[in-house]
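Peer 1: Sharing a structure below in structure tokens format, with a few things to ask.
The values are calculated or read from the model by the stated rules, or taken from the named source; none is laboratory data. None of these values were measured; they are calculated from a predicted model. As a convention, Cβ positions derive from the backbone with ideal geometry for all residues, glycine included, and neighbour counts pool all protein chains shown. Only protein heavy atoms, including side chains, enter the accessible area calculation; ligands, DNA and RNA are left aside. Shrake-Rupley method; radii C 1.70, N 1.55, O 1.52, S 1.80 Å.
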Amino acid sequence: MIAFENVAYGYGGASLLSDVSLRLLPGSFHFLTGPSGAGKSTVLKLAYAELMPTSGRISLFDRDVRSLSRDDVARTRRRIGIVHQDCKFLDHLPLSANLGLPFTVAERESDPQDLRALLDWVGLSQLHDALPPTLSGGERQRAALARAVIGGPDVILADEPTGNVDWDMSLRLLALLVELNRMGKTVLVATHDLNLIRQAKSQVSARVLRIAQQRIQVAGADL
Amino acid sequence: MRAGASRRGRGQGPADEIVPPSGHTAWLTTFTAGAMVFLCVFAVALSLASGRLAARWSAALAQTATIRLSAPPEQMQIQTDGVLSLLSETPGVASFRALDDTEQRKLLEPWFGPDLPLEDLPMPRLIEVVEDAQGYDDEGLRQRLAAEAPGAVLDDHTRWRQPLVEAASRLRLLGVLSILLIGAAMAAMITLAANASLAANAEVIRVLRLVGAKDSYIARAFVRRFTIRALTGALVGACAGLVGVAMLPAAGPAGGFLAGLGFSGVEWLWPLLLPPLAAIVAFLATRRAAFAKLKELT
Ligand SMILES: Nc1ncnc2c1ncn2[C@@H]1O[C@H](COP(=O)(O)OP(=O)(O)O)[C@@H](O)[C@H]1O
Ligand SMILES: [Mg+2]
């Protein structure tokens, strides 16, 4: 689905990642961890073609990102559900319209029944018409997850989905991600929260990737 | 419930509401388009009026000249024949004829009354010359007349209008140039407004790109909005301009150029072309700005 081969990236000359290789197979569950500032968000941005690698090769659904036009990037993102660290809603639109955005921009009709079912699933049915700024941190994160999955993506990329919420809510979000993985979605979760990863290990067979010294290593022993 | 969803048909509605409504910049575009189209109505009136004037005057030019031939009575017939045969060989002369005594008397009647004893006066002979589309070389004709009949004077009484025709044509050119400049200025201002609006909505655009919106989809939201604003402003501007032109004093029989500034007949329809034209300008300007800005933003 998503493959990095010897990818290097740096912001404005300074090298941040060098020689990063990884491969997300269909139906797999990965955690991406590492200290703050290690480059977790950067790896995710490379994975949804917001950034282009300075060297090496990134394939999304077997296509080299460099060969994608802007429209191709848009189409590719419809197959990737992105849960952003700071959620990114349109504050002037009610939650229902925000969740429907992937359909709206693809000019497809969304089924209101699906939308309600999805809101139920993340426990936000009573907030159908609420404006995003009125939501709590946990509600926002669940809404972001709902928006990421509404279009039926193949891959879900989540950047610190539990960054702004308490432990109970973290477990709830994790359960949702695990459930999605059981439904066949490929999941990659970037987090610095090792407790969350430990908790997940009992629920799902997840691989843990760790960014250290500008590379990605498979971790395990230290967890 | 389903009915609500099916209203989200292709290309209508959603793209618009996805960009938050913006306050005072919306007004600026409407106002600019209105003001520009208002000015444009006058530029159109100027062009049409000066075009009309140029046409009228050059039509008058194409009319007649007169040759006034004075000669001693015994020479008169010989010189008249000489001038007539000269005219028949002059390229650019469509027709000519010598006026007979009755006609000449008629011409003088308003000044001297009907009982003028024409025979007793040393009357010059008048020869009317009508030029064709190309016209004759008036300097050449004068010189050859002088050789043939020293007392002949070519009076091309409408030629003094030649510089006026040129001035009118030039004025029309200026009018057309003004229309183009007004259009370009409007495009520039709408581009600026669109860029400001795109920059103000950078965060919204980022979210839309994140969920898989194509540039064309995002651009459409902005283009639609600016086109509608420009069209609204342009309609108001065109109406105001038309009212302004209609209220100009009417061209009376003694009306000079200024009094002739306005529209006549079907010309009133010309300004109606301006609002759609303004909308097209706004559409193209916003579209260009949007695609350029979108590449820059994400
Ligand atoms: N747009 C940017 N421009 C310059 N430097 C950046 C930018 N985004 C991130 N960085 C830097 O790159 C490093 C890695 O950032 P990030 O990928 O967000 O790390 P993480 O998500 O692991 O905390 C940080 O040092 C950060 O300051
Ligand atoms: Mg980060």
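Peer 1: If you take the beta carbon distance between residue A:205 and residue A:64 as r and set R0 to 30 Å, what does 1/(1 + (r/R0)^6) give as a FRET efficiency, to the nearest 0.05?
Peer 2: It comes to 0.50.
Peer 1: When the dipole is taken about the Cα centre of chain B, and only Lys, Arg (+1) and Asp, Glu (-1) are charged at their Cβ, what size is it in debye, to the nearest 20?
Peer 2: Dipole of chain B, to the nearest 20 debye: 3660 debye.
Peer 1: Evaluate Rg over Rh across chain B, taking Cα atoms for both radii and Kirkwood's formula for Rh.
Peer 2: Value, to two decimals: 1.32.
Peer 1: Can you tell me how the range A:13-84 classifies by the Cα gyration tensor, rounded, prolate or oblate, using a/c under 1.5 as the rounded cut?
Peer 2: Here the range A:13-84 falls in the oblate category.
Peer 1: Determine the gain in length on full extension of the stretch residue B:68-residue B:188; use 0.36 nm per residue of separation and subtract their C-alpha separation, reporting nm with one decimal.
Peer 2: Numbers: separation 120, 0.36 × 120 = 43.20 nm, distance 6.05 nm.
Computed gain between residue B:68 and residue B:188 is 37.2 nm.
Peer 1: If you don't mind, there's one more thing I want to ask. Given a Förster distance of 56 Å, report the FRET efficiency between residue A:178 and residue B:270 from their Cβ-Cβ distance, rounded to the nearest 0.05.
Peer 2: 0.20
Peer 1: Rounded to whole Hz and in sequence order, give me ³J(HN,Hα) for the range B:176-192 from the Karplus expression 6.51 cos²θ - 1.76 cosθ + 1.60, θ = phi - 60°, writing x for Gly and Pro.
Peer 2: The phi angles translate into 5, 4, 4, 4, 5, 5, 4, x, 5, 5, 5, 4, 5, 5, 5, 4, 4 Hz.
Peer 1: Run the paramagnetic zone check for residue B:155: 7 angstrom along Cα to Cβ, then residues of the range B:91-133 with backbone nitrogen under 11 Å.
Peer 2: Answer for the range B:91-133: B:108, B:124-127.
Peer 1: Would you calculate, for chain A, the mean residue ellipticity at 222 nm contributed by helices, counting each DSSP H stretch of 4 or more residues as -39,500 (n - 2.57) and dividing by all residues, to the nearest 500?
Peer 2: -9500 deg cm²/dmol
Peer 1: For the range A:89-152, list log₁₀ I(q)/I(0) at each q in 0.18, 0.26 Å⁻¹, using the Debye formula over Cα point scatterers of equal strength and ignoring solvent, two decimals each.
Peer 2: Debye intensities relative to I(0), on a log10 scale: -0.54, -1.17.
Peer 1: Let me ask something additional. When N counts the residues of the protein assembly as shown, how does its alpha-carbon radius of gyration compare numerically with 2.2 N^0.38 Å, as a ratio?
Peer 2: That ratio works out to 1.74.
Peer 1: Provide the per-residue ³J(HN,Hα) series for the range B:206-211, in order, calculated from phi with Karplus coefficients 6.51, -1.76, 1.60 and θ = phi - 60°, each as a whole number of Hz, with x at glycine and proline positions.
Peer 2: Whole-Hz 3J(HN,Hα) from phi for the range B:206-211: 4, 4, 5, 4, 4, 8.
Peer 1: Between residue B:112 and residue B:240, how high is the FRET efficiency from 1/(1 + (r/R0)^6) when r is the Cβ-Cβ distance and R₀ = 51 Å? Nearest 0.05.
Peer 2: Result of the calculation: an efficiency of 0.35.
Peer 1: Right, another one. Could you give me the ³J(HN,Hα) list for the range B:138-143, computed from phi with Karplus coefficients 6.51, -1.76, 1.60 and θ = phi - 60°, whole Hz, x at Gly and Pro?
Peer 2: Values, residue by residue: 5, 5, x, 5, 4, 5 Hz.
Peer 1: Could you work out the local net charge near residue A:159, counting Lys and Arg as +1, Asp and Glu as -1, over the other residues with Cβ closer than 13 Å to its Cβ?
Peer 2: So the surrounding residues net to -1.
Peer 1: Roughly how crowded by other chains is peptide A:82-94, in terms of the mean Cβ count from those chains within 10 Å of each of its Cβ atoms?
Peer 2: Mean shielding count: 3.
Peer 1: Check which residues have an amide H placed less than 5 Å from residue A:216's amide H, if you skip close sequence neighbours.
Peer 2: A:21
Peer 1: Something else about it: Could you do me a favour and compute the accessible area per residue for the range B:157-216, 1.4 Å probe, result in Å²?
Peer 2: In whole numbers, the range B:157-216 has 50 Å² accessible per residue.
Peer 1: I want the local charge near residue B:231. Using Cβ-Cβ distances under 14 Å, sum +1 for each Lys or Arg and -1 for each Asp or Glu among the other residues.
Peer 2: Summing Lys/Arg as +1 and Asp/Glu as -1 gives +3.
Peer 1: Say each of residue B:31 and residue A:5 gets a label point 7 Å from the Cα, pointing the same way as Cα to Cβ; how far apart are those two points in nm?
Peer 2: 5.9 nm
Peer 1: Continuing with this model, one more query. Within the range A:1-29, whose backbone N sits under 17 Å from a point 7 Å along Cα→Cβ of residue A:217?
Peer 2: Residues A:17-22 fall inside that zone.
Peer 1: While we're here: Where the Cα atoms of chain A are projected onto their three principal axes, how long is each span, largest first, in whole Å?
Peer 2: Rounded to whole Å, the extents work out to 46, 40, 31 Å.
Peer 1: Looking only at other chains, what is the average number of their beta-carbon atoms within 10 angstrom of each beta-carbon in B:200-211?
Peer 2: Average per residue, whole number: 6.
Peer 1: Still on this structure, I have one more. When you count, for each residue, the other Cβ atoms within 10 Å and take the mean per peptide, how do B:100-111, B:229-240 rank with the highest first?
Peer 2: Ranked by mean Cβ neighbours within 10 Å, highest first: B:229-240, B:100-111.
Peer 1: A further question follows. Within the accessible area of the range B:138-203, what % is carbon and sulfur when the probe is 1.4 Å and the other protein chains stay in place?
Peer 2: Solvent-exposed carbon and sulfur of the range B:138-203 make up 66 percent of the total.
Peer 1: I've got another one for you. Kindly provide the helix-only [θ] at 222 nm of chain B, computed as the sum of -39,500 (n - 2.57) over DSSP H runs of four or more divided by all residues, to the nearest 500 deg cm²/dmol?
Peer 2: Per the formula, -22000 deg cm²/dmol.
Peer 1: While we're on this one: Any chance you could give the angle, 0 to 90 degrees and rounded to 10, that helix A:112-121 forms with the longest Cα principal axis of chain A?
Peer 2: Roughly 70 degrees between the two axes.
Peer 1: From other protein chains only, count the Cβ atoms within 10 Å of every residue's Cβ in A:96-102, then give the mean.
Peer 2: 3
Peer 1: Under 17 Å from a label point 7 Å along Cα→Cβ of residue B:202: give me every residue in the range B:275-298 with its amide N that close.
Peer 2: Zone members listed by number: B:290-298.
Peer 1: Angle between the Cα long axis of helix B:73-88 and the longest principal axis of chain B, 0 to 90 degrees, nearest 10?
Peer 2: It works out to around 40 degrees.
Peer 1: Label residue B:100 and residue B:162 with points 7 Å out from Cα along Cα→Cβ: what is the distance between them in nm?
Peer 2: That separation, rounded to one decimal, is 3.5 nm.
Peer 1: Can I ask one more? Hey, what's the range A:89-152 come to in accessible area per residue, 1.4 Å probe, Å²? Intermediate values should be presented prior to the final figure.
Peer 2: Values: 2310 Å² over 64 residues.
So the range A:89-152 comes to 36 Å² accessible per residue, rounded to a whole number.
Peer 1: Right, something else. Accessible area lost on pairing A with B, both sides, 1.4 Å probe, Å² to nearest 100? Can you show the working numbers first?
Peer 2: Numbers: alone 10590 and 17460 Å², together 25390 Å².
For chain A against chain B, roughly 2700 Å² becomes buried.
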